[in-house]
Amino acid sequence: MNKLDTFFLEILQKRKDQSLFRSLRTANSLIDFCSNDYLGFARSQNLEERIQQETNKLVADGLHLIGATGSRLLAGNYAYTESLEQSIAAFHKTEAGLIFNSGYDANVGVLASIPQKGDYLITDELIHASMIDGARLSYATRYKFAHNNIDDLEKKIKNCLSQAADARIFVAVESVYSMDGDTAHLAEIAQICEQYKALLIVDEAHATGVFGKNGWGLVNELNLEKQVFARIVTFGKALGCHGAVVLGSRLLRDYLINFARSFIYTTAAPLHTHVSIKCAYDLLASGDFTNKRLHELIKFFKQKAETLGNYETIDSWSAIQCIVVPGNQHCRAVAATLQANGLDIRPIVSPTVPKGKERLRICIHQYNTEEEIEKIFDIIRSI
């Protein structure tokens, strides 16, 4: 056994000893309280039929390839994709959009390429790992502010301005935080950014489809489109597809095409992916779209959670609900019991979340039922 294999074995064993070992699972038949398919689009027959019809049109027009065949700067760009970007931007009431292959690629591309040496990048302490990785690749000076703490954000901005009065300052947040489910204080954050001429970047991954008329997201619901420098909207959550778009000005789009390495140096997604995205947006924009049922189930879950006196819950009106079960082993054990009883609920353990704040992360979907939610609390009470 070589030294690297020995290192792998030792560090993986350490993760097992700390109840941190990750492993892949295949799809199961459990009741879904785990996936990000909040609206049920990924299993929608209506969406599937729309995608097939749209694909048939492209085939009839002679435009249908299995793969994109290259990066978008080479062979992989199509008028269909650029038209889609324009329609998505119009849907979200902004000037332009640029599609990336994933939300991870989009966040890394934005944060790694835009803030420069001499700039300041201030991020909420709970931003997603993809934003953290993008920030690490940036040459800007980086600071974190306490989660959703407006006073601390203002303090950090003032500190940056005291070092360089004419500094460019970027602030990066999620509109809905993926591990807690709570929402950013976007209106207050936008006001502070406007006051100090900071540029606001918002990841809308878990808000799109869930908040706002027609699933616009929180930025649109709060009418903050003009106060947000860049938005990252991902398609792999409520839209049931794959990929992401960065929304903002046409100038921002041109800049990313030229400098975002995660856009430049990768093969484009196949056209079928963009067909799926278009059809999902057509569903959002249709008169038949509603997420009312989803919010009814979220409200029902929160009412039931109030009866769990011995467990802390995290305040959230998003599709992500959390029950705190301290301790990695204890949290995993409770999750295992729920899974053994037919409920696909996963534990989120430290260091992904702070020690003592390990939790069951429960995703509510439009296709869940009150009876299924009741079962969660019946089982937890019985443990």
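The values are calculated or read from the model by the stated rules, or taken from the named source; none is laboratory data. A quick note: this is a predicted structure, and the numbers were derived from the prediction, not measured. In this analysis, Cβ positions are derived from the backbone assuming ideal geometry, glycine residues included, and neighbour counts consider all displayed protein chains.
Inspect all residues belonging to the stretch 173-180 and state whether any of them is surrounded by fewer than 23 Cβ atoms within 10 Å (Cβ to Cβ), polar (S, T, N, Q), in a loop (DSSP other than H, G, I, E, B) and at pLDDT below 95.
Within the stretch 173-180 (the criterion being surrounded by fewer than 23 Cβ atoms within 10 Å (Cβ to Cβ), polar (S, T, N, Q), in a loop (DSSP other than H, G, I, E, B) and at pLDDT below 95), the answer is yes, since at least one residue qualifies.
Considering only the stretch 123-147, state which residues are assigned to a loop (DSSP other than H, G, I, E, B) and out of contact with any strand residue (DSSP E or B) (no Cβ under 7 Å at 6 or more places or on another chain).
Leu126, Tyr139, Ala146, listed by residue number.
Return a yes/no flag: does the stretch 280-296 have any residue that is surrounded by fewer than 16 Cβ atoms within 10 Å (Cβ to Cβ) and over 20 Å from Leu47 (Cβ atoms).
yes
Give me a count of the residues in the stretch 309-331 that are more than 26 Å from Gly209 (Cβ to Cβ), in contact (Cβ under 8 Å) with a residue 40 or more places away in the chain and out of contact with any Ser or Thr (no Cβ under 6 Å at 6 or more places or on another chain).
1
Out of all the residues in the stretch 184-204, which are over 17 Å from Leu161 (Cα atoms), assigned to a strand (DSSP E or B) and over 12 Å from the mean Cα position of the chain (by Cα)?
Of everything in the stretch 184-204, just one residue is over 17 Å from Leu161 (Cα atoms), assigned to a strand (DSSP E or B) and over 12 Å from the mean Cα position of the chain (by Cα), namely Ile201.
How many of the residues in the stretch 130-153 are closer than 17 Å to Cys193 by Cβ, without any contact (Cβ under 8 Å) to a residue 40 or more places away in the chain, surrounded by fewer than 17 Cβ atoms within 10 Å (Cβ to Cβ) and touching a helix residue (DSSP H, G or I) at 6+ places or on another chain (Cβ under 6 Å)?
1
Quick check, is Thr81 touching a strand residue (DSSP E or B) at 6+ places or on another chain (Cβ under 8 Å) and assigned by TED's automatic domain parsing to the domain that holds Leu222?
Answer is yes for this residue.
Within the stretch 83-103, can you find the residues that are of a type in the set (D, E, K, R) and surrounded by 15 or more Cβ atoms within 10 Å (Cβ to Cβ)?
Glu85, Glu95
What is the residue count in the stretch 351-374 for residues that are in contact with a Leu (Cβ under 8 Å, 6 or more places away or on another chain), surrounded by 17 or more Cβ atoms within 10 Å (Cβ to Cβ) and touching a residue at least 40 places away in the same chain (Cβ under 8 Å)?
The number of residues fulfilling the criteria is 6.
Would you check if Asn220 is at pLDDT below 95 and either crowded, with 19+ Cβ neighbours inside 10 Å or farther than 22 Å from Ile150 by Cα (or both)?
no
Could you go through the stretch 246-254 and let me know if any residue there is touching a Gly at 6+ places or on another chain (Cβ under 9 Å), in a helix (DSSP H, G or I) and surrounded by fewer than 17 Cβ atoms within 10 Å (Cβ to Cβ).
Within the stretch 246-254, not a single residue is touching a Gly at 6+ places or on another chain (Cβ under 9 Å), in a helix (DSSP H, G or I) and surrounded by fewer than 17 Cβ atoms within 10 Å (Cβ to Cβ).
Examine the stretch 188-204 for a residue that is closer than 26 Å to Arg43 by Cα, of a type outside the set (A, V, I, L, M, F, W, C) and surrounded by fewer than 21 Cβ atoms within 10 Å (Cβ to Cβ), and state whether such a residue exists.
no
Within the set of pairs 6+ apart or on separate chains, which have a first residue in the stretch 196-210 that is more than 8 Å from Ile232 (Cα to Cα) and modelled with pLDDT of 95 or more, a second that is among the basic types (Lys, Arg) and surrounded by fewer than 24 Cβ atoms within 10 Å (Cβ to Cβ), and C-beta atoms under 8 Å apart?
That search, which allows pairs on different chains as well, returns Tyr196/Lys158; Leu199/Arg168.
Could you check Asp124 against (1) under 30 Å from Ile169 (Cβ atoms); (2) acidic (Asp, Glu); (3) free of Cβ contacts under 8 Å to residues at least 40 places away in the same chain and say which number it fails?
Only one criterion in (1) under 30 Å from Ile169 (Cβ atoms); (2) acidic (Asp, Glu); (3) free of Cβ contacts under 8 Å to residues at least 40 places away in the same chain is unmet by Asp124, namely (3).
Are there helices (runs of 4 or more DSSP H) fully within the stretch 1-119 with at least 2 residues that are of a type in the set (D, E, K, R) and over 28 Å from Asp288 (Cα atoms)? List them.
Per the criteria, 3-17.
Of the conditions (1) assigned by TED's automatic domain parsing to the domain that holds Thr234; (2) loosely packed, with under 13 Cβ neighbours inside 10 Å; (3) modelled with pLDDT under 95, Ala60 fails just one. Which one is it?
Just one mismatch for Ala60, condition (1).
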